[in-house]
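The values are calculated or read from the model by the stated rules, or taken from the named source; none is laboratory data. Small disclaimer: the values here were computed from a predicted structure and weren't measured. Backbone-built Cβ (ideal geometry, glycine too); neighbour counts: all protein chains shown.
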Protein chains: 2
Amino acid sequence: MPNKKRPAALQARMKEVALRAKVSAMSVSRALRSPDQVSSETLRRVQKAVRELGYVPNRLAGGLKAPSRTQLAAAIVPSLQNSLFAATLQGLTDALRKRGINLMLGDSGYSREAEESLIAAFLAHRPCGLVLHDTSHTPGVRRLVRNAGIPVVETGNLVNRPLDLLVSYSNFAAARAMTDYLVGRSYRRIAFVGQIASLNERARERQRGYRAALTAAGLPLEEALTIETPGSFENGAKAIVQLMGVRPKVEAVFFAGDVLAIGAMLECNRRGWEVPKQVAIAGFDDWEISRRFAIPITTLDIPRYQIGERAAALMLRRLDGERGKLPPIDVGFRIIERAST
Amino acid sequence: MPNKKRPAALQARMKEVALRAKVSAMSVSRALRSPDQVSSETLRRVQKAVRELGYVPNRLAGGLKAPSRTQLAAAIVPSLQNSLFAATLQGLTDALRKRGINLMLGDSGYSREAEESLIAAFLAHRPCGLVLHDTSHTPGVRRLVRNAGIPVVETGNLVNRPLDLLVSYSNFAAARAMTDYLVGRSYRRIAFVGQIASLNERARERQRGYRAALTAAGLPLEEALTIETPGSFENGAKAIVQLMGVRPKVEAVFFAGDVLAIGAMLECNRRGWEVPKQVAIAGFDDWEISRRFAIPITTLDIPRYQIGERAAALMLRRLDGERGKLPPIDVGFRIIERAST
DNA sequence: TTGTACGCGTTATCAG
DNA sequence: CTGATAACGCGTACAA
């Protein structure tokens, strides 16, 4: 048995590439990481050997020696199944991949405790950066990321005291702008349907924006015109039914989430309620389907993909050595006016 | 400067935990990985030290020494933004997390070449397992996974010769069953709208299933009744408009993707076409919104979450030492009959 | 431009 | 049940 101790014919190591290329392992390492620091002859031989052996570098070893260059980043979103976060993730991975950085992904299920334990688990792999959608954290999270000493980007809301880097938009300003818009369209009795404020900072901020706009316009705040409910088509439908029963009549409903607005629109279609004549509907986040209804839905466009892209860019600046406190980035939002209002 | 060489007060190492707990590093390692192999006194002291130092183990070092236990798996889906894949990912991460395994994620953009280069990048991190949605690969992929020597699970289609493990359903059988169902409902001129077959094995199989059903029922195959188009609401709308212009009249349309069926339904609503009276509509994959229309859409339920869960389970069996060729798992499908047909 | 020696943090092995 | 020692595969520092 001419077995060289290695059980199966597995992955080649750098040493074997070196042997085949007739150079030292160090030259292989250099040829792979900074090709301009070796002679073209060495480069050629190394590349040939790499190809022939199907060599796949071992980043575990590399990362051990040179932490902060593991070429692995981590991201945590509240839910994997929400298309909003998916768009941000796409922007993130697209931008990171250009630099050879891969992404570890997990979901917190909207729980701060789950976020903390997930971060701890991720840090065990020594990622070179961390992206968190949430902006509200346990004390443990602050300690973990401080000790980790890696760039952290938050993306969910334009907060005042971020952990580190911040790329987002103002949930408050967006909700306020949409409510202002409805007021500008002469709607007076405007209802609000959003996610449960106590569970979620973003939901809280949106509700606050709605109220600020009403107050600024001199309109009263009525308990019966604010509904908190988990986001789903069904709950959007239930909310519109409930609101249509309120007297005096509700003129417009701002759904702080397109999933709710769409559910409501479907319900209106089913019941034959005319939008916007009987009730106007506004959404939040411009899902593709919102513009495809017979009466397309007025909504807010948030540049989700761009948030991911710019989060990556910010992280990369840190990895490239920039040390100072980089200023937060506000990607803004845009009201998309359609027939539903 | 009392600096002990370490620049900042960063992550504690196992050695420091050992020092504080007054045991050897080896005992710390054991206490963490197999608590029942150390005395309860040692265990207690180690746990205390870990807590006090906020120790986060370094899996890079662990993985270097003990490959195949990096506690990191990798998954590649065609697109991050498709909710179908998101459901599978959720099942996957939920199941893996119970075993402390985290997930690296990327998208191939429906390209086999992109899949190959992504796999190579992922393998550099020495994942202990790999999940691929696609079932059609470049030769390079076969070589890479063979050399990697890790479990690989494919999830996109019930193929005959999987790379290794397989958890999926038969796209062919599902499409055939739906077409059979439509035939059973006495529709005769049945059209098919699906993704572009040349780009995607799953699309190909669904189209094949449709044809097989028609042929078995003695119905003719007509060119004009098959449309291939990228999946989107808009393309679903265009397809139904095109098909409504065909003479003699099309009686039912099977959209091999709910996004297409929903786009078509929205278009019918807009134009006032009655479903199923003027044309019946069937979909594929039971998106939540499909059941919320005034006329809810008949569709196919694929247990996407379960696919992820079982893919994880299969991978774990391998990691737990099972060697043989584990048989493919067929999770099946279910026709959900609603008013649209 | 290239090579040598050593160390990164952990675990397998084996002796106590 | 515990500890000493030697890898794991690569990168830094320095020497040639």
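Collect the residues in region B:264-306 that are more than 14 Å from chain A (Cβ to nearest Cβ), β-branched (Val, Ile, Thr) and touching a helix residue (DSSP H, G or I) at 6+ places or on another chain (Cβ under 6 Å), keeping them in residue-number order.
B:281, B:299, listed by residue number.
Look at residue A:91 and say whether it is in a loop (DSSP other than H, G, I, E, B) and either more than 9 Å from chain B (Cβ to nearest Cβ) or free of Cβ contacts under 8 Å to residues at least 40 places away in the same chain (or both).
Considered against the rule, which asks whether it is in a loop (DSSP other than H, G, I, E, B) and either more than 9 Å from chain B (Cβ to nearest Cβ) or free of Cβ contacts under 8 Å to residues at least 40 places away in the same chain (or both), residue A:91 comes out as no.
Take the conditions closer than 25 Å to residue A:318 by Cα, more than 7 Å from every other protein chain (Cβ to nearest Cβ) and not small (Gly, Ala, Ser) and apply them to residue A:99. Does it pass? Lay out the reasoning, then the answer.
Details: closer than 25 Å to residue A:318 by Cα: yes; more than 7 Å from every other protein chain (Cβ to nearest Cβ): yes; not small (Gly, Ala, Ser): yes.
Yes; evaluated as a whole, the condition is true for this residue.
Kindly indicate the residue of region B:45-63 that is more than 10 Å from DNA strand D (Cβ to nearest atom) and more than 14 Å from chain A (Cβ to nearest Cβ) and also surrounded by the most Cβ atoms within 10 Å (Cβ to Cβ) among those meeting that condition.
Only one residue tops the list, namely B:49.
How many residues are closer than 25 Å to residue B:136 by Cα and aliphatic (A, V, I, L, M) when one looks only at region B:176-214?
Within region B:176-214, residues that are closer than 25 Å to residue B:136 by Cα and aliphatic (A, V, I, L, M) number 9.
Between a residue in region A:182-206 that is closer than 19 Å to residue A:299 by Cβ and in contact (Cβ under 8 Å) with a residue 24 or more places away in the chain and any residue that is among the hydroxyl-bearing types (Ser, Thr, Tyr) and part of a strand (DSSP E or B), which pairs come within a Cβ distance under 6 Å, given they are 6 or more apart or on different chains?
A:192/A:226
At least 2 residues that are over 17 Å from residue A:97 (Cβ atoms) and within 17 Å of the chain's Cα centre (by Cα) in each: list the strands (runs of 3 or more DSSP E) lying fully within region B:99-194 that qualify.
Where strands (runs of 3 or more DSSP E) fall fully within region B:99-194 and carry at least 2 residues being over 17 Å from residue A:97 (Cβ atoms) and within 17 Å of the chain's Cα centre (by Cα), they are B:129-132, B:152-154, B:165-168.
Whether any residue in region A:11-29 is of a type outside the set (S, T, N, Q), away from DNA strand D (no atom under 15 Å from the Cβ) and within 12 Å of chain B (Cβ to nearest Cβ) is what I want to check.
Looking through region A:11-29, none of the residues is of a type outside the set (S, T, N, Q), away from DNA strand D (no atom under 15 Å from the Cβ) and within 12 Å of chain B (Cβ to nearest Cβ).
Table: residues versus (1) without any contact (Cβ under 8 Å) to a residue 40 or more places away in the chain; (2) assigned to a helix (DSSP H, G or I).
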| residue | (1), (2) |
| --- | --- |
| A:294 | yes, no |
| A:299 | no, no |
| A:307 | no, yes |
| A:314 | no, yes |
| A:317 | yes, yes |
| A:323 | yes, no |
| A:327 | yes, no |
| A:338 | no, no |
| A:341 | no, no |
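Applying the selection to region B:221-248, what residues are more than 25 Å from the chain's Cα centre (by Cα) and part of a helix (DSSP H, G or I)?
B:223, B:224, B:225, B:237, B:238, B:239, B:240, B:241, B:242, B:243, B:244, listed by residue number.
Being away from DNA strand C (no atom under 13 Å from the Cβ), among the small types (Gly, Ala, Ser) and over 21 Å from residue A:101 (Cα atoms) is the filter here; which residues of region B:50-83 pass it?
B:83
When you look at residue B:146, is it farther than 19 Å from residue A:11 by Cβ, surrounded by fewer than 19 Cβ atoms within 10 Å (Cβ to Cβ) and either outside the structural domain of residue B:199 (by TED's automatic domain parsing) or not polar (S, T, N, Q) (or both), yes or no? Spell out the reasoning first.
Numbers: farther than 19 Å from residue A:11 by Cβ: no; surrounded by fewer than 19 Cβ atoms within 10 Å (Cβ to Cβ): yes; either outside the structural domain of residue B:199 (by TED's automatic domain parsing) or not polar (S, T, N, Q) (or both): yes.
So residue B:146 does not fit the description; no.
Just to be sure, is residue B:264 at pLDDT 95 or above, assigned to a helix (DSSP H, G or I) and of a type outside the set (Lys, Arg)?
Yes; evaluated as a whole, the condition is true for this residue.
Give region B:314-330 a look and list any residue that's surrounded by fewer than 18 Cβ atoms within 10 Å (Cβ to Cβ) and within 15 Å of the chain's Cα centre (by Cα), or say none.
If the condition is that a residue be surrounded by fewer than 18 Cβ atoms within 10 Å (Cβ to Cβ) and within 15 Å of the chain's Cα centre (by Cα), then B:330 is the only one that fits.
What is the number of the single condition among (1) away from DNA strand C (no atom under 11 Å from the Cβ); (2) surrounded by 19 or more Cβ atoms within 10 Å (Cβ to Cβ); (3) closer than 19 Å to residue A:105 by Cα that residue B:42 does not meet?
Among (1) away from DNA strand C (no atom under 11 Å from the Cβ); (2) surrounded by 19 or more Cβ atoms within 10 Å (Cβ to Cβ); (3) closer than 19 Å to residue A:105 by Cα, residue B:42 violates only (3).
Out of all the residues in region B:87-117, which are closer than 23 Å to residue A:118 by Cβ and among the hydrophobic types (A, V, I, L, M, F, W, C)?
Looking only at region B:87-117, we keep the residues that are closer than 23 Å to residue A:118 by Cβ, and these are B:87-107.
B:87, B:89, B:92, B:95, B:96, B:101, B:103, B:104, B:105 - these are the residues of region B:87-117 that are closer than 23 Å to residue A:118 by Cβ and among the hydrophobic types (A, V, I, L, M, F, W, C).
When you look at residue B:75, is it closer than 30 Å to residue B:230 by Cα and away from DNA strand D (no atom under 12 Å from the Cβ), yes or no? If you could, list the steps in order and put the result at the bottom.
Working: closer than 30 Å to residue B:230 by Cα: yes; away from DNA strand D (no atom under 12 Å from the Cβ): yes.
Taking the combined requirement at face value, the residue satisfies it.
Is it true that residue B:301 is farther than 21 Å from residue A:290 by Cα and either modelled with pLDDT of 95 or more or of a type in the set (A, V, I, L, M, F, W, C) (or both)? Spell out how you get there, then give the answer.
On the way: farther than 21 Å from residue A:290 by Cα: yes; either modelled with pLDDT of 95 or more or of a type in the set (A, V, I, L, M, F, W, C) (or both): yes.
Considered against the rule, which asks whether it is farther than 21 Å from residue A:290 by Cα and either modelled with pLDDT of 95 or more or of a type in the set (A, V, I, L, M, F, W, C) (or both), residue B:301 comes out as yes.
Name the residues in region A:118-134 that are free of Cβ contacts under 8 Å to residues at least 60 places away in the same chain and either more than 9 Å from chain B (Cβ to nearest Cβ) or basic (Lys, Arg) (or both), would you?
A:119, A:127, A:130, A:132, A:133 - these are the residues of region A:118-134 that are free of Cβ contacts under 8 Å to residues at least 60 places away in the same chain and either more than 9 Å from chain B (Cβ to nearest Cβ) or basic (Lys, Arg) (or both).
Test residue B:75 against the criterion of being of a type outside the set (Val, Ile, Thr) and either more than 7 Å from chain A (Cβ to nearest Cβ) or touching a Cys at 6+ places or on another chain (Cβ under 6 Å) (or both), and give yes or no.
Against the criterion (of a type outside the set (Val, Ile, Thr) and either more than 7 Å from chain A (Cβ to nearest Cβ) or touching a Cys at 6+ places or on another chain (Cβ under 6 Å) (or both)), residue B:75 qualifies.
May I ask you to verify whether residue A:41 is in contact (Cβ under 8 Å) with a residue 24 or more places away in the chain and part of a helix (DSSP H, G or I)?
In short, no.
So, in region B:103-113, of the ones that are at negative phi and surrounded by fewer than 17 Cβ atoms within 10 Å (Cβ to Cβ), which residue ends up farthest from the other protein chains (Cβ to nearest Cβ)?
Initially, region B:103-113 is screened for residues at negative phi, giving B:103-108, B:111-113.
Still in the list and also surrounded by fewer than 17 Cβ atoms within 10 Å (Cβ to Cβ): B:111-113.
Details: B:111: 13, B:112: 17, B:113: 14 Å.
Within region B:103-113, the match that is farthest from the other protein chains (Cβ to nearest Cβ) is B:112.
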